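J.: Sharing a structure, written as structure tokens. Questions coming.
The values are calculated or read from the model by the stated rules, or taken from the named source; none is laboratory data. Since this is a predicted model, take the numbers as computed values, not measurements. No Cβ is skipped: glycine too gets one built from the backbone with ideal geometry, and neighbour counts run over all protein chains shown.
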Amino acid sequence: MSTPALAARSEAEARILDAAEACIRRYGIRRTSMQEVARAAGFSRAWLYRHFPDKESLVSAVLLRTDEAFWRAARQQIDPRPTLVDQIVEAVRFARAQAPSDLFLGLMETEPDTVTAMLATGLRLQLPAMSRFWRPYVEAAQSRGEVRADLDVAMASEWIFRMVLSVATVPGESFDADDSAALHGFFAAHLVRGLA
């Protein structure tokens with residue numbers, strides 16, 4: 001495919017994803033139809049199906065795009081932090097601060113069954129990429145001597161991601177997830193110490 005054709009395809013897909021996100025925000029997942037998305041994007045249904053074969057792939061692409069934007073913004077907050085513990089704390093703080101406006105979390109409140117079904121598939125597919133997000137932070141912590149040199153970076157990155165996801169989304173009983181000092185103490189004692 002030539003560069004102009006690729007650019008046109010990218011523009012068309014961006015328009016479709018914009019329209020789909022607007023429809024999902026307005027109607028929810030269940031009430032959003034492929035026909036409604038095609039109409040909102042200004043394309044025929046046939047054109048829409050050339051880019052996304054079904055509603056599930058379209059909704060997954062919308063959620064993935066919002067997720068990628070979330071992680072780009074997260075990097076800007078996390079990168080300046082000097083230690084791995086500080087970076088993990090900042091990731092939780094950032095995730096919790098985003099919750100009220102995040103499309104995914106909003107859908108979890110309004111359509112929990114639909115989102116949970118999609119989540120099982122989506123998380124399984126996205127876990128490697130989400131775990132890789134932490135890889136450069138773990139490697140930098142290794143070079144600073146914060147974690148052991150023989151640490152399995154891939155496993156440690158996945159463990160950090162799973163912990164951040166859990167602490168950011170599930171209320172804690174023994175500490176306040178909105179208290180930076182409490183988060184720092186928790187992660188220093190129960191996560192990073194295990195990597196050192």
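J.: Quick one: which residue in Ala154, Ala177, Ala181 is in contact (Cβ under 8 Å) with a residue 12 or more places away in the chain, more than 29 Å from Leu107 (Cα to Cα), small (Gly, Ala, Ser) and assigned by TED's automatic domain parsing to the domain that holds Asp86?
T.: Criteria check complete, one pass: Ala154.
J.: Let me ask another. Any chance you could count how many residues in segment 41-57 are under 14 Å from Ala14 (Cα atoms) and surrounded by 14 or more Cβ atoms within 10 Å (Cβ to Cβ)?
T.: The number of residues fulfilling the criteria is 5.
J.: So, of the residues in segment 126-146 that are touching a Ser or Thr at 6+ places or on another chain (Cβ under 7 Å) and assigned to a helix (DSSP H, G or I), which turns out to be modelled with the lowest pLDDT?
T.: The residue in question is Ser131.
J.: Would you mind stating whether Ala38 is surrounded by 13 or more Cβ atoms within 10 Å (Cβ to Cβ) and without any contact (Cβ under 8 Å) to a residue 60 or more places away in the chain?
T.: So Ala38 fits the description; yes.
J.: Now a separate question. Checking Val85 against (1) part of a helix (DSSP H, G or I); (2) over 28 Å from Pro128 (Cβ atoms); (3) among the hydrophobic types (A, V, I, L, M, F, W, C), which single condition isn't satisfied?
T.: Val85 satisfies every listed condition except (2).
J.: Determine which single condition Asp102 fails, assuming it passes every other condition in (1) at pLDDT below 75; (2) in contact with a helix residue (DSSP H, G or I) (Cβ under 8 Å, 6 or more places away or on another chain); (3) surrounded by fewer than 12 Cβ atoms within 10 Å (Cβ to Cβ).
T.: Of the numbered conditions (1) at pLDDT below 75; (2) in contact with a helix residue (DSSP H, G or I) (Cβ under 8 Å, 6 or more places away or on another chain); (3) surrounded by fewer than 12 Cβ atoms within 10 Å (Cβ to Cβ), the odd one out for Asp102 is (3).
J.: When you go through (1) of a type outside the set (A, V, I, L, M); (2) over 27 Å from Pro136 (Cβ atoms); (3) modelled with pLDDT of 85 or more one by one for Asp79, which number turns out not to apply?
T.: Just one mismatch for Asp79, condition (2).
J.: Separate question: Hey, among the residues in segment 6-34 that are of a type in the set (S, T, N, Q) and closer than 22 Å to Ala117 by Cβ, which one's nearest to the chain's Cα centre (by Cα)?
T.: Once the filter is applied, the top-ranked residue is Thr32.
J.: Trp159 passes all but one of (1) within 19 Å of Thr66 (Cα to Cα); (2) at pLDDT 90 or above; which number fails?
T.: Evaluating Trp159 over (1) within 19 Å of Thr66 (Cα to Cα); (2) at pLDDT 90 or above leaves (1) as the failure.
J.: Specify which of the listed residues (Ala177, Ala154, Ala182, Ala168) is surrounded by 13 or more Cβ atoms within 10 Å (Cβ to Cβ) and over 20 Å from the mean Cα position of the chain (by Cα).
T.: Result of the check over Ala177, Ala154, Ala182, Ala168: Ala182.
J.: Do you know which residues across segment 157-196 are over 12 Å from Ala91 (Cα atoms), in a loop (DSSP other than H, G, I, E, B) and not charged (D, E, K, R)?
T.: Answer for segment 157-196, where residues must be over 12 Å from Ala91 (Cα atoms), in a loop (DSSP other than H, G, I, E, B) and not charged (D, E, K, R): Val170, Pro171, Gly172, Ser174, Phe175, Ala196.
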